[in-house]
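Asks: Next up is a structure, given as structure tokens.
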């Protein structure tokens, strides 16, 4: 039996960013599309934490929203525990939805300010008919204690808590439907640094206790290194590298991955040789031909400007780079 819980194949999402129809020129087609996710494929195994990293605008959150059904893909397939997610069928999605949940980036925005905490956490329990009557109140109190709060906090409103406490409430709500898979979209980026480690350690403890599988969306490489088993690196909507977390940090294969790692401050003052971070992310509405990273790549070759590379196996996983495909010598991290 396969240990793959989530399989994403060729996932693509286009957004129509055309001018309002009254402002368009009738004689020509003025439609413009932004490709937020372009032919992305990866698998997530049961019990692991798979992380997606990349600069702002790389498509991380768009992929997360498609996986949980908040956005419908323009193309591609998502399979959860071997079953294809049918976005056209509300009944089919409802049977799957209890099994996966999402923790959003901003806990204050994701919690209804007019509801008491107890009602917020109880809503999934009632929606999926998991419990009735007094059992719901007891379960809400238990979940609050599981995430490090008090059962008495159920009577309070979200504004009465700190940012870290609100994120704990959001985690308790995610756990209330008894999910197997949780998408964590920048779960600590809105929190103070002193609180981030507490939330991350809580998430790891809950993963061990409940056998959870995580998809972690983050641009913070220190968070990714602490939490993940495997990492996928996104650039302008395309997956450029997938590797084991430890191997990716010690032996990155794609030039963009090395650039991301070189951008992390060297607090140890080791004097390690770094690749300068140059250029800007191209316009996603009009991306460059060939490899989208070639305007910023220090190893650019003629084919990089014309041909889009495909993922190939590497010693650490997979990567999409012409430099690797030709077996050319790769610049090592010094």
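Asks: Go through segment 111-140 residue by residue and tally those that are part of a helix (DSSP H, G or I) and under 18 Å from residue 179 (Cα atoms).
Replies: 11
Asks: Quick check on my filter: what residues within segment 168-189 are under 15 Å from residue 216 (Cα atoms) and touching a residue at least 60 places away in the same chain (Cβ under 8 Å)?
Replies: 171, 174, 180, 181, 182, 183, 184, 185, 186, 187, 189
Asks: Restricting attention to segment 49-74, and to residues there that are in contact with a strand residue (DSSP E or B) (Cβ under 7 Å, 6 or more places away or on another chain) and assigned to a helix (DSSP H, G or I), which single residue is nearest to residue 261 (Cα to Cα)?
Replies: 60
Asks: Among the numbered criteria (1) over 17 Å from residue 53 (Cα atoms); (2) assigned to a loop (DSSP other than H, G, I, E, B); (3) at pLDDT 90 or above, which single criterion is violated by residue 253?
Replies: Of (1) over 17 Å from residue 53 (Cα atoms); (2) assigned to a loop (DSSP other than H, G, I, E, B); (3) at pLDDT 90 or above, only one is false for residue 253: (1).
Asks: Same structure, new question: Any residue that is outside any loop (DSSP other than H, G, I, E, B), crowded, with 19+ Cβ neighbours inside 10 Å and at pLDDT 90 or above - is there at least one of those in segment 271-294?
Replies: Looking for residues that are outside any loop (DSSP other than H, G, I, E, B), crowded, with 19+ Cβ neighbours inside 10 Å and at pLDDT 90 or above, one finds none in segment 271-294, hence no.
Asks: Out of 145, 134, which single residue is without any contact (Cβ under 8 Å) to a residue 24 or more places away in the chain and closer than 30 Å to residue 6 by Cα?
Replies: Only one candidate qualifies: 145.
Asks: Select the helices (runs of 4 or more DSSP H) contained entirely in segment 174-250, then report the ones holding at least 2 residues which are buried (at least 23 other Cβ atoms within 10 Å of the Cβ), out of contact with any helix residue (DSSP H, G or I) (no Cβ under 7 Å at 6 or more places or on another chain) and at pLDDT below 95.
Replies: Counting at least 2 such residues, we get no helices (runs of 4 or more DSSP H) at all.
Asks: Considering segment 116-134 alone, what residues qualify as being at pLDDT 95 or above and out of contact with any helix residue (DSSP H, G or I) (no Cβ under 8 Å at 6 or more places or on another chain)?
Replies: Answer for segment 116-134, where residues must be at pLDDT 95 or above and out of contact with any helix residue (DSSP H, G or I) (no Cβ under 8 Å at 6 or more places or on another chain): just 119.
Asks: Any residue at all in segment 78-100 that's outside any helix (DSSP H, G or I) and under 28 Å from residue 281 (Cα atoms)?
Replies: Scanning segment 78-100 turns up at least one residue that is outside any helix (DSSP H, G or I) and under 28 Å from residue 281 (Cα atoms).
Asks: Taking the residues in segment 141-173 that are more than 27 Å from residue 228 (Cβ to Cβ) and in a loop (DSSP other than H, G, I, E, B) as candidates, determine which candidate is nearest to the chain's Cα centre (by Cα).
Replies: In this case the residue turns out to be 161.
The values are calculated or read from the model by the stated rules, or taken from the named source; none is laboratory data. Model, not experiment: these values are computed from the prediction. Counting neighbours? That spans all protein chains shown, and the Cβs are built from the backbone with ideal geometry, glycine included.
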